[in-house]
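The values are calculated or read from the model by the stated rules, or taken from the named source; none is laboratory data. Not measured: the values here are computed from a predicted model. Cβ sites come from the backbone with ideal geometry, for glycine too, and all protein chains shown count toward neighbours. Quick note on the areas: whole protein, heavy atoms, side chains included, nothing else; ligands and nucleic acids left out. Shrake-Rupley method; radii C 1.70, N 1.55, O 1.52, S 1.80 Å.
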Amino acid sequence: MAVARCVKKLYGVGLNAIRQNAALKATTVLQQRTFRLNAALFEQPLDSSADKPQFPGASAEFIDHLEFIQPNVISGIPIYRVMDRQGQIINPSEDPQLPKEMVLNFYQKMTLLNTMDRILYESQRQGRISFYMTNYGEEGTHIGSAAALDPQDLVFGQYREAGVLMYRGFPLDLFMAQCYANADDLHKGRQMPVHYGSKDLNFISISSPLATQLPQAAGAAYALKRENSNRIVICYFGEGAASEGDAHAGFNFSATLECPLIFFCRNNGYAISTPTHEQYRGDGIAARGPGYGLMSIRVDGNDVFAVYNATKEARRRAVAENQPFLIEAMTYRIGHHSTSDDSSAYRSVDEVNYWDKQDHPISRLRHYMTAKGWWGEDEERAWRKQSRKLVMEAFEKAEKRLKPDPNLLFTDVYSEMTPNLNKQKEAMWRHVQQYKEHYPLDLYEK
């Protein structure tokens, strides 16, 4: 019986080998036939001039001479504008024809932001808050873009887009509460000043590390596309952030996934102290768009109407076509990078004064309104007085408000406190009680 089983097993192995050999021969014959067929095709007369590249990674033509592509193959991307520096409409067909009330709202929001900046900057210099970043000179990029969006569109900011949030209705009280980290702060005192956010206004909380918002915005835009909700994402960043690796990820993901997303670059001339000529060698940020497959445009960021028109059209097409857009708004950062910076160390006073006096987005819009008969000296004086009063009232209220309850340090991470967090909380309170002369708990909510 053992011999019979052994013979049977050997028979099975031999039969399997015969089958494998037959399959191998069939495959070899098929490959030979395919090779002969391809060879026959290649033996046909070939017109090299009609030969087209078939490589899957690019669309182009063959050339028969050695040539490197120059960096300035797209030489000087033009800057779209609607108004000149005196507020005159250059091409009437590009005038957005906005109603008086809307234009006045533009101006009042831009100047209110400017007033808030001045007061909070001085408050930091007096030691009342720990940090601040102004928006001087870039007000047109904020208001022009924000006005062109739908309120349901999702905003990812960098840290110099307070005007976008202000245009959406974020009150002065909450701006002040955030900078003072008091009990009214939506973030419960956990964020640095100027790191705003508002769930109700669809404004994602700002994060300090540069460019992290770009790939996040691509993911959010892809989600909105899947929802088919007719919403878009707009993502703000500076030209310095465009040098980060996350910018590449954001651009590439948004293009390949065909996301309804507007990348809005505020090219203000400086990445902290690094000027643009040291930041990159190409033609700005808009020139990078075609390489990623992004529809791109460069606009005059000091022309609020140009920013409005470009953003409105980009939004319309992003929704209709499910594709990303890149807007590069050319502007100038008149203020220091932040209260931690002294820009006089790397640029001249004359340079700053030129942009402040000769090409400021606020003065340009005021020229336009004056020519229309919508604004004069009386209105200007009255509004400046009123806007300062509004800011000072919010400022004084925030300064008197108590700080958040210290127990909030441990909330909003887990639905229920973990044992580890409970230990940390107990350790904190033991420390505070031991050194209570250094912790004025009467300034905090109970």
Would you work out if the chain is rounded, prolate or oblate? Take a ≥ b ≥ c from the square roots of the eigenvalues of the alpha-carbon gyration tensor; rounded if a/c is under 1.5, else prolate when a/b is larger than b/c, oblate otherwise.
oblate
Pull up the DSSP beta bridges for the chain and report the antiparallel fraction as a percent, rounded to 5.
15
Rounded, prolate or oblate: pick one for the range 301-404, where a ≥ b ≥ c are the square roots of the eigenvalues of its C-alpha gyration tensor, a/c under 1.5 means rounded, and failing that, prolate if a/b is larger than b/c, else oblate.
rounded
How do Asp356, Asp200 stack up against each other in accessible area, from largest to smallest, with a 1.4 angstrom probe?
Asp200, Asp356
Out-of-range pairs (alpha-carbon distance over 23 Å; input Lys312/Lys357; Lys109/Lys397; Lys199/Lys425; Lys400/Lys446; Lys199/Lys446; Lys357/Lys389):
Lys312/Lys357; Lys199/Lys425; Lys199/Lys446; Lys357/Lys389
Note down the nm distance, to one decimal, between modelled labels 7 Å out along Cα→Cβ at Gln108 and at Glu94.
2.9
So if I take the centroid of the Cα atoms in the range 78-126 and the same for the range 392-446, what is the distance between those two points in Å?
40
Under Stokes-Einstein, the range 54-194 at 4 °C and 1.567 mPa s, with its Kirkwood radius over C-alpha pairs, diffuses with a coefficient in µm²/s of 68
By the scheme Lys and Arg +1, Asp and Glu -1, what is the net charge of all other residues having a beta-carbon under 13 Å from that of Glu396?
+3
Place a point 7 Å from Cα of Gln358 in the direction of its Cβ. Which residues in the range 297-331 have their backbone N less than 17 Å from it?
301-303, 331
Relative contact order (percent) for the chain, with alpha-carbon contacts under 8 angstrom and 6 or more residues of separation?
19
Could you order peptides 342-349, 76-83, 223-230, 413-420 by the average number of other Cβ atoms within 10 Å of their residues, highest first?
76-83, 223-230, 342-349, 413-420
Name the long-range amide H neighbours of Ile262: under 5 Å, sequence gap of 5 or more, or other chain; modelled H, no Pro or chain starts.
Val233, Ile234, Cys235, Phe325
Accessible surface of the range 211-334 [probe 1.4 Å, protein heavy atoms]: carbon and sulfur percent:
47
Could you grab the Rg to Rh ratio for the range 220-308? Cα atoms only, Kirkwood for Rh.
0.99
With every protein chain kept in place and a 1.4 Å probe, the range 162-270 has an accessible area per residue in Å² of 35
The chain: angle of helix 245-256 to the longest principal axis, Cα-based, in degrees nearest 10
60
Amide proton proximity set for Val82, modelled H, under 5 Å, gap of 5+:
Ala306
Nearest-0.05 FRET efficiency for His438 and Arg317, computed from C-beta distance (R0 51 Å)
0.35
Where labels lie 7 Å past Cα in the beta-carbon direction, separation of Ser205 and Tyr280 in nm
3.1
Looks like the range 342-389, by Cα gyration tensor root eigenvalues a ≥ b ≥ c and the a/c under 1.5 rounded cutoff (else prolate when a/b is bigger than b/c, oblate otherwise), is oblate
